1. What is the number of the single condition among (1) surrounded by 17 or more Cβ atoms within 10 Å (Cβ to Cβ); (2) outside any strand (DSSP E or B) that R74 does not meet?
2. Can we say Y85 is without any contact (Cβ under 8 Å) to a residue 60 or more places away in the chain and closer than 16 Å to E4 by Cα?
3. For the stretch 38-71, what are the residues that are in a loop (DSSP other than H, G, I, E, B) and modelled with pLDDT of 90 or more?
4. If you go through the stretch 103-136 one residue at a time, how many are in a loop (DSSP other than H, G, I, E, B), more than 14 Å from L58 (Cα to Cα) and not aromatic (F, W, Y)?
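The values are calculated or read from the model by the stated rules, or taken from the named source; none is laboratory data. Note that the structure is a prediction, hence the values are computed from the model and not measured. Counting neighbours? That spans all protein chains shown, and the Cβs are built from the backbone with ideal geometry, glycine included.
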Amino acid sequence: MPQEVFLSHASADRAFADRVADVLRRHGIPVWYSPTNILGAQQWHDEIGAALKRCDWLVVLLSESAVQSFWIKRELSYALQQRRYVDRITPVLLHPCDYEQLSWTLSALQFVTFSSVFDEGCRDLLRVWGIGYKQL
C-alpha cells in the first residue's frame, strides 16, 4: 500500500484527474494532487518539489496534453532519477499519444489503460496495489 501517491496530470485533463484522485482516496490511498493540495499564496513549484520528495509512488496520466506539458516532464524525470520510485511509477494511458516524448523509458513500465469504461481502468489501477475496486 502506498504511503502517498503523487498524481501527475496536465491541466487539460483535470476533470479526469479529479475522478481518479477521488477513487484513490475512497479506497484509502493518500493522494497528493495539486488542485487540492496547493493552497492560495503558496509557492506552487516548492509545494510540487516537497511532494515529490515525500511521496513514494507516481501515477502519471498520459494524453496529448500531458506529452506537451513541461511540468509533467519535470515531475517524471525527477521520479525516474530517484531510487525510491523504482517500480513505483505507474503510467496511466488516457488517450493514445506519443508518450515517449516525455521519456524513452516509459515503454518499459507496466501501463494501466483507461478504455471507454472508467470503472475498468480504476479496477486495473487499484490492482497495482492489490486493492479491490468498490463502485459507489
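1. Here R74 clears every test but (1).
2. Details: without any contact (Cβ under 8 Å) to a residue 60 or more places away in the chain: yes; closer than 16 Å to E4 by Cα: yes.
Yes; evaluated as a whole, the condition is true for this residue.
3. Taking the stretch 38-71 and keeping what is in a loop (DSSP other than H, G, I, E, B), we get 38-43, 55-56, 63, 68-69.
Within the stretch 38-71, C55, D56, S63, Q68, S69 meet the criteria.
4. Filtering the stretch 103-136 down to residues in a loop (DSSP other than H, G, I, E, B) leaves 103-105, 109-111, 114-117, 128-136.
Add one more test, that the residue is more than 14 Å from L58 (Cα to Cα), and what stays is 103-105, 114-117, 130-136.
The next check asks that each one be not aromatic (F, W, Y); those that pass are 103, 105, 115-117, 130-132, 134-136.
Residues flagged as in a loop (DSSP other than H, G, I, E, B), more than 14 Å from L58 (Cα to Cα) and not aromatic (F, W, Y) within the stretch 103-136 amount to 11.
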